[in-house]
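Nothing in this text is a laboratory measurement; each read-out follows from the coordinates by a stated rule. Every value quoted in this text rests on a predicted model; they were computed, and no experiment measured them. All Cβ positions, glycine included, derive from the backbone under ideal geometry; neighbour counts span all protein chains shown.
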Amino acid sequence: MKVSLNWLQDHLDIKGHPVSEIAETLTFAGVEVEDIAESGRNLEKVVVARVLSSDPHPDADRLSICQVDDGSGAPRQIVCGAKNYRVGDKVPLALPGAVLGENFKIKKGKLRGQTSEGMMCSPGELGLPGDDDGLLILSTEAAEGTPLAELFPPDTSLDLEITPNRPDLLSYRGIAREISALTDKPLLSPDSTRIPEVTATPAPADQVKITAGGHCPFYSARRIGGISVKPSPQWLQDKLNAAGLRPINNVVDITNYVLLETGQPLHAFDAARIDGGLLVRLARPGEKFLALDGEEHSLGDEDVVIADRKKALALGGVMGGEDSGVTAATRDIVLESAYFTPPCIRRTSRRHNLSSDSSYRFERGVNPAGVLEASSLATRLIVEIAGGTPEAETLAAGELPANPGDVELHEEKARALLGVDLEGTVMHEILARLGLEKKGGDNGQPVSKWHIPSHRLDLLRHIDLVEEIARVYGLEKIPATTAASIAELGADDHDYDADARLRARLCNLGFFETKTIKLISESQMEDQFITLDPGAGQVRLKNPLSDEHAILRPSLLPPLLEVARRNLHQGASSLRFFEMGTVFQTSPKEDTPCEEQYLALLMGGETAVASWHDARPRETDFFDLRGVIEALLPGKILTFERVDGGSLILEVAVSLDGAGLGRAGQLPPARARAMDASFPIFVAELRLDLFYAALREPLQFEELDRFPAMTRDIAMEVPADLPNATLNRFFEGREEPLLVDARLFDVFFDESGKKLSADKKSLAYSLTYRDKESTLTAETVDEAHAKILDALVKDLPVQVR
Amino acid sequence: MLEELEAIQTEALAEIAHIADSPSLEQFRVDFLGKKGRLTAASTRMRDLPKEEKPLVGKKLNEARQAITAAIDQKGADFAAAADSEAAAGVDVTLPGVPLPAGNAHPLTQSLDRIVQALRHMGFALASGPEIETEWHCFDALNTPKDHPARNEKDTYFFEDGTLLRAHTSTVQIRVMESTPSIPLRIIAPGSAFRRDEIDATHLNQFTQIEGLYVDRRVTLADLKGTLEFLFRHIFGENTQVRFRPHFFPFTEPSFEIDIKLQIAGKEDKWIEIAGCGMVDPAVFEAVSRTRGDDLFDPDKVTGYAFGMGVERLAMIMWGIPDIRLLIENDARFLRQFG
């Protein structure tokens, strides 16, 4: 809420008080001052002007050429780009020589060839509050040539963030009350804010009747006859201008003024437009209502309307109707002041996407005690300003919500929660300053009972009183302690640490970690090259904001491919990315979404950074990916088995001790080309829970070898399609105790068949022999090696060379 | 004989001074110490000497051999050293180093980890909860009114079955309070939260939050203040000014927003909002107690504090990142700045 200090001055003597001090006081009491704006400081050479004519600019569609009366007697030509004014409107005119804003000098000049002797201004251009989408339209009362500074005296506006629990601060009275409580400054009560005695009598049912009591428990109406609708007096216009509201006419201005002054929304009907009495009822499903903003709304039976015998006149608590409002022709009015229940207004406002100063206050809760007071204040002002005679009594239907009960303060509990040894008297003083009254009055009791004023309906529980004490006392004065008890480590700690270890390994291998949005588009679903759980269903949002983010990712690959595409377009010659995070699928059995943690890898392009040292580094291949995966679990034996029918080419299932860890392979080249990759791209997606389990296994030191090893190499020719895994299994299956390792160190093909038949490949293995207890002799090793060679040629289609 | 040996030694040592390269040195060694070398030849004549002269001549012979050998070794070492330094002198050390592939953790991970490590240091354990949540865990249990503005399809992502993508990580507070066998409860929960927002320079529809919760028999507002002041000084520096502004959240009371004073050289100091916190509202304990069916979280017996902060915002402040979208684009040129 924007608060004008000039207006606030009605209630509190804050002259000579530094604005920054007031702002600080409010901010540290929970009413954050988001902005402080000065207005009316640079209005020299800005005057009121009346638009005499407006014609299209011959050479610019968006400009008009206006003749204006600036009070000098001679018309002045202004070229203008705004559209929101009509001929006859009065607007601010900056004359040549005026300086707006920081340093914007107004000069006589030409715009597209047409002379312009000044500039007509918007509120923003003048540093004034108000909508900035067009010229500031001034009251018709303002005389041409009047310096604008007379209409807009210098003022300071505080932009306050009012939290939803404090609707009592949505008015000048409320803000003044709060500052008074925080600073001990006395509240003033000048004439303009004086509220006459409040009187109301029960309304006859044919005058005012409520059938929607759940939505509107109380409704009052006061008829004022014989008024004359005209522009408001200057003081009232000043008030509205200061609040950034445009003056309209005296009656509407008074209802707006009283709303800002007291926080109670009012509405004035043209009595001539009411057919019979007023009925507060639920709308009929599909009932049409034309609001005064010109929009037609189709209502439902959760909306409350103020209706006459025939039709809805107002959407209760939200907006008046186009046809029943006050106009220049209005003679008699009916002034509404009511209490609408917050949830009802909140729902109506949201359902129709219709928000007003009125709905904003009702949906947060107005002060029940202020409903009739506001009506009374407005009636007094209307009579004073617009003339007319009010009916003796305000007619009222229904009951105002009762004040909630008293609230107890337990001093010991308050101290225990705050962690500060605060005297009971200090707590009591704070509550009393906020307008709470202690019941009983026997001092010195550790438990006291407090009456809550009707404007503080947010204070319902003990904790609410403690909050008030904390807020006003100030956290600054509360000591900073760090008492704590020790928490036990759980699985989440281990997983977090395991993530960190895997991340560090991948980063050391040259990978960048990515973080992507977990929502993807329908078309990205085609990038799900790895199906983690065949038969699982998609997890689709009911209300996506855009097609781009409609489905929760069932795999980390789609967003990771987008990362690859982006980096390729930036000219990346090497891609090494990984992401760890949640994937979402509905389980085929239960149809409820499950969330699992996965790791995805993506790599391709140069394996080293090209440099003068190595101008053409080798290109990444499948075995680089496999090497990375193996490096993640050193000491563990992973198996890689070819999968047929996967979406990747070279797709393999990776498993650890028989459990499926995930999939790896090469992205179909067509997909890689589609993102302009000039090299193959390799991807893998692996479940993290198995990594977590593996990384939790305790490590055990192994004795270092004390005796030297001996190696013997085997060169062999085998059929070209013999998988290396067959040889691995052969060597692993040997029961030769001296054999400790068999390592492949060369693979040779000759497609031309010259050196080696094309259906063969040549493999070279290096076998390591070691005895833990003694130094081996060549004879012993030769003997063991010979046995292995014998078995090799016997068991496998191998020719040893 | 002695004179002859003396002369050979003197001649050799004089000659070696003039030797300029390794091959000449080798020739020199052959000339003097080789099988047909002069010293060797001299030694063969030893046998013709009278017996009594032999020990003296033998000693001299050894001396000469050692002196010449030492000179050759020294010269050889000099040549090797010269060759080494000549080889090194030829290297242009101004050539660039061999670039190694280097990756690094995402800046979000790094800033989150700084917070996590500080809080673990203060004895908080990690906790987690599902991202797809029930409305009860996300709103009801957190004392959010039925028609709260955040609680609708305009602001929160929903699924057909009524579940939703959690709008904050505060859901984890409820999850751990539901399941813990005992208190004290002292947890932090980093994770994603989702809001139905258009993505622009300051908004994402998915962001990272970290939530903290401490519940025990006598947890105080003073503890909350001390803990968070420690945290922000740990992250932003020992002299960071931290202030607590009263605020409103449905699930804490009293509630505060936390500002830190941002000091950047050449810019005016500025208070910026960085986190929200407060004492757990008794209504939250009551909601948890109803589902648990026991009195572990009886609001008359326990108190607690909770806090939460957005990690993207923290990362942007920490490193001066102007546009939040940079954090989800994963452009390697951006990522490698945090290596």
Quiz item: Under a plain spin-label model, where a point goes 7 Å from the Cα along Cα-to-Cβ, how far apart in nm are B:His203 and B:Gln74?
Solution: 8.6
Quiz item: Which of A:Leu557, B:Leu56, B:Leu185, A:Leu335 comes first, and how do the rest follow, when ranked by fewest Cβ neighbours within 10 Å?
Solution: B:Leu56, B:Leu185, A:Leu335, A:Leu557
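Where in chain B are the DSSP H helices whose C-alpha atoms run 20 Å or more along the long axis and whose mean Kyte hydropathy is at least 0.0?
Span-like helices here: B:2-16, B:221-236.
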Practice problem: Could you calculate the contour length gain from A:Ser587 to A:Arg734, that is, 0.36 nm times the residue separation minus the distance between their Cα atoms, to one decimal place in nm? | Solution: 48.6 nm
Quiz item: What do you get when you divide the Cα radius of gyration of the protein assembly as shown by 2.2 N^0.38 Å, with N the number of residues?
Solution: 1.36
Quiz prompt | Kirkwood-based Rg to Rh ratio, the range B:2-88, C-alpha trace | solution = 1.08
Quiz prompt | Virtual spin-label span in nm between A:Lys230 and B:Met1, 7 Å along Cα→Cβ | solution = 15.1
Quiz item: Using a Gaussian network model of chain B with C-alpha springs under 10 Å, which one of B:Gln206, B:Gln74, B:Gln117 is most mobile by mean-square fluctuation?
Solution: B:Gln74
Exercise. Give a residue-ordered list of calculated ³J(HN,Hα) values for the range B:254-269 (Karplus: 6.51 cos²θ - 1.76 cosθ + 1.60, θ = phi - 60°; whole Hz; x for Gly, Pro).
Key: x, 10, 9, 9, 10, 10, 10, 8, 8, 10, 10, 3, x, 10, 5, 4
Quiz item: Between exposed GluC sites (Glu not before Pro) in chain B, where DSSP calls loop and at most 15 other Cβ atoms lie within 10 Å, what's the longest gap?
Solution: B:54-152
Self-check item: Hull volume in cubic angstrom per residue (convex hull over the Cα atoms of the range B:209-339)
Solution: 145
Quiz item: Given 0.36 nm per residue, what is the gain on full extension from A:Glu641 to A:Tyr473 after removing their alpha carbon distance, in nm?
Solution: 53.6 nm
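Report the rotationally averaged projected area of the range B:267-339 based on its alpha-carbon convex hull, in square nanometres. Please list the in-between numbers first.
On the way: hull surface 33.9 nm².
Its average projected convex-hull area is 8.5 nm².
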Quiz item: How big is D for the range A:362-516, in µm² s⁻¹ as a whole number, if Stokes-Einstein is applied with the Kirkwood radius of its Cα pairs at 25 °C and 0.890 mPa s?
Solution: 114
Exercise. Can you put A:Tyr339, A:Tyr85 in order of Cβ neighbours within 10 angstrom, beginning with the fewest?
Key: A:Tyr85, A:Tyr339
Exercise. Starting from 0 in steps of 10 Å, tell me what percent of the Cα-Cα pairs of the range B:211-260 lands in each bin.
Key: 22, 53, 23, 1
Exercise. Would you please state which residues of the range B:117-159 a label at A:Ala491 would reach in this model, taking the label point 7 Å out along Cα→Cβ and a backbone N cut-off of under 15 Å?
Key: B:126-131
Practice problem: Determine ³J(HN,Hα), in whole Hz, for all residues of the range A:393-407 in sequence, where each value follows from phi through the Karplus function 6.51 cos²θ - 1.76 cosθ + 1.60 and θ = phi - 60°; x replaces Gly and Pro. | Solution: 10, 7, 8, 10, 10, x, 10, 6, x, 6, 5, x, x, 6, 10
Exercise. Would you mind ranking A:Thr262, B:Thr163, A:Thr140 by Cβ crowding within 10 Å, fewest neighbours first?
Key: A:Thr140, B:Thr163, A:Thr262
Exercise. Would you please report the Å³ per residue occupied by the convex hull of the alpha carbon atoms in the range B:1-148?
Key: 308
Self-check item: Whole-Hz ³J(HN,Hα) from phi, Karplus 6.51 cos²θ - 1.76 cosθ + 1.60, for the range A:711-725, glycine and proline x
Solution: 10, 9, 9, 10, 10, 9, 10, 9, x, 4, 8, 6, x, 4, 4
Self-check item: Alpha-carbon centroid distance for the pair the range A:333-399 / the range A:612-689, whole angstrom
Solution: 70
Quiz item: How about A:Lys90: which lysines have a C-alpha closer than 20 Å to its C-alpha, ignoring those fewer than 8 places off in the same chain?
Solution: A:Lys45, A:Lys230, A:Lys239
Self-check item: Taking the convex hull of Cα positions in the range A:90-207, its mean projected area over all directions (nm²)
Solution: 14.7
Quiz prompt | Estimated inter-spin distance, A:Thr389 and A:Glu437, nm [label 7 Å along Cα→Cβ] | solution = 3.9
Practice problem: In whole Å, largest first, what are the principal axis extents of the Cα atoms in chain B? | Solution: 125, 44, 43
Quiz item: Efficiency by 1/(1 + (r/R0)^6): what FRET value for A:Met675 and A:His410, r their Cβ-Cβ distance, R0 = 56 Å, to the nearest 0.05?
Solution: 0.25
